[in-house]
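The values are calculated or read from the model by the stated rules, or taken from the named source; none is laboratory data. As the structure is a prediction and not an experimental result, all values here were calculated from the model. Backbone-built Cβ (ideal geometry, glycine too); neighbour counts: all protein chains shown. Note: areas computed on protein heavy atoms with side chains; ligands, DNA, RNA excluded. Shrake-Rupley method; radii C 1.70, N 1.55, O 1.52, S 1.80 Å.
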Amino acid sequence: MINIILCCQQGASTSMLAGSMREEAKKRGLEVQITAYPYTELNDVAPSADIVLFGPQVKYMLKEFAIQLDKINKPYMLIDTVDYGMMDGQAVLNKVLAKLK
């Protein structure tokens, strides 16, 4: 099972994207857990993640997040602005899977 964590300001908009990603994963028969959280919970949820994704609205904090995640050896990525705006779960899932290979 792949545990994917999405983080943004409040977790609301990433919750919609997480739902789209779950639908795509289900179509592909992938076993994944995809959950959205506000970035304030990053320290609590990151240790159990296989990868952490960040919404574009917290891009300005990415360096700070990178320091935290590098300490625990967790991969991370910023969600593409276009994919995020379109709530394109398929595109985001493709990028996550490529990064985890």
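Points worth noting:
- Just one of (1) loosely packed, with under 15 Cβ neighbours inside 10 Å; (2) more than 11 Å from the chain's Cα centre (by Cα) fails for PRO75. It is (2).
- Residues located in the range 48-72, provided they are under 19 Å from THR14 (Cα atoms) and open to solvent by 60 Å² or more (accessible area, probe 1.4 Å): SER48, ASP50, GLN57, LYS59, TYR60
- Hey, LEU17 open to solvent by 30 Å² or more (accessible area, probe 1.4 Å) and assigned to a helix (DSSP H, G or I) or not: no
- Spans of helices (runs of 4 or more DSSP H) in the range 43-101 with at least 3 residues closer than 21 Å to GLY19 by Cα and free of Cβ contacts under 8 Å to residues at least 60 places away in the same chain: 81-86, 89-100
- Selection status of LYS101, at pLDDT below 95, of a type outside the set (A, V, I, L, M) and within 17 Å of ILE2 (Cβ to Cβ): yes
- Filtered by the rule that a residue be open to solvent by 80 Å² or more (accessible area, probe 1.4 Å) and part of a loop (DSSP other than H, G, I, E, B), the range 21-42 gives a lone residue, GLU31.
- In the range 68-101, residue nearest to ALA49 (Cα to Cα) [restricted to those that are out of contact with any strand residue (DSSP E or B) (no Cβ under 9 Å at 6 or more places or on another chain) and of a type in the set (Lys, Arg)]: LYS71
- Meets criteria (within 22 Å of MET86 (Cβ to Cβ), of a type outside the set (Lys, Arg) and touching a residue at least 40 places away in the same chain (Cβ under 8 Å)) for SER20: yes
- Scanning the range 87-101 for residues that are loosely packed, with under 14 Cβ neighbours inside 10 Å and among the aliphatic types (A, V, I, L, M) yields ALA98, LEU100.
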